[in-house]
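Visitor: Before anything else, here's the structure in question.
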Amino acid sequence: MKIRKATIHDAQSLSTLALSLGEYYGDDDPSGISPFFREKITVEAFEKYLSNQEAYEYYIYEKQGKIIGCFSLLNATHFFHLFVDADHHREGIGKALVEYVLKQRDHKLYSVNSSLYAVPFYKKIGFVPTALVQNHNGMTYQPMVWDRKQ
């Protein structure tokens, strides 16, 4: 197991990973991925994120040289992407990524717009819902926040 910062060379692998998880997003599109979100997880989109390190921080979880997990923050306090290969769900990879990144931070408040599938994970690590389930551009999500002070 290895966790490292992502580079622009990881864009293709990150897009492939994100696209493979469509059934877990619960978006309105029958494929599970709304057209809006599909545009946000293309190779080109990941290249853009990875090129803008002032706003986006990406971390990779590798096992035997293969990327099986990814976690990113937007503007240091918003959980932007958290993807774990479906064959490796419930192995602690998402938690390991989050803990690795957060132990390097001193921010007290973090937010996420969680897929409905991931809500139990986020609740388990301390997030609480802040509003009713939302739907925007075909994406269904639960706004949540985590206050490290509690």
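Visitor: Go through (1) in contact (Cβ under 8 Å) with a residue 24 or more places away in the chain; (2) out of contact with any helix residue (DSSP H, G or I) (no Cβ under 6 Å at 6 or more places or on another chain); (3) assigned to a helix (DSSP H, G or I) one by one and return the number of the condition residue 73 breaks.
Guide: It fails just one condition, (3).
Visitor: Can you tell me which residue is farthest from residue 81 (Cα to Cα) among those in region 1-22 that are part of a loop (DSSP other than H, G, I, E, B) and modelled with pLDDT under 95?
Guide: Result: 1.
Matching residues to (1) surrounded by 13 or more Cβ atoms within 10 Å (Cβ to Cβ); (2) free of Cβ contacts under 8 Å to residues at least 12 places away in the same chain; (3) under 22 Å from residue 90 (Cα atoms); (4) not hydroxyl-bearing (Ser, Thr, Tyr):
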{"position": "108", "(1), (2), (3), (4)": "no, no, no, yes"}
{"position": "114", "(1), (2), (3), (4)": "yes, no, yes, no"}
{"position": "117", "(1), (2), (3), (4)": "yes, no, yes, no"}
{"position": "129", "(1), (2), (3), (4)": "yes, no, yes, yes"}
{"position": "144", "(1), (2), (3), (4)": "yes, no, yes, yes"}
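Visitor: Given 25, 100, which one is within 12 Å of the chain's Cα centre (by Cα) and hydroxyl-bearing (Ser, Thr, Tyr)?
Guide: Numbers: 100 fails: within 12 Å of the chain's Cα centre (by Cα).
Checking each option against the conditions leaves just 25.
Visitor: Still on this structure: So, of the residues in region 70-79 that are surrounded by 18 or more Cβ atoms within 10 Å (Cβ to Cβ) and not hydroxyl-bearing (Ser, Thr, Tyr), which turns out to be farthest from residue 112 (Cα to Cα)?
Guide: 70
Visitor: Among the residues of region 23-41, is there at least one that is surrounded by fewer than 16 Cβ atoms within 10 Å (Cβ to Cβ), at pLDDT below 95, part of a loop (DSSP other than H, G, I, E, B) and hydroxyl-bearing (Ser, Thr, Tyr)?
Guide: Looking through region 23-41, at least one residue is surrounded by fewer than 16 Cβ atoms within 10 Å (Cβ to Cβ), at pLDDT below 95, part of a loop (DSSP other than H, G, I, E, B) and hydroxyl-bearing (Ser, Thr, Tyr).
The values are calculated or read from the model by the stated rules, or taken from the named source; none is laboratory data. Note that the structure is a prediction, hence the values are computed from the model and not measured. Don't worry about glycine lacking a Cβ; one is built from the backbone with ideal geometry, like all the others, and counts go over all protein chains shown.
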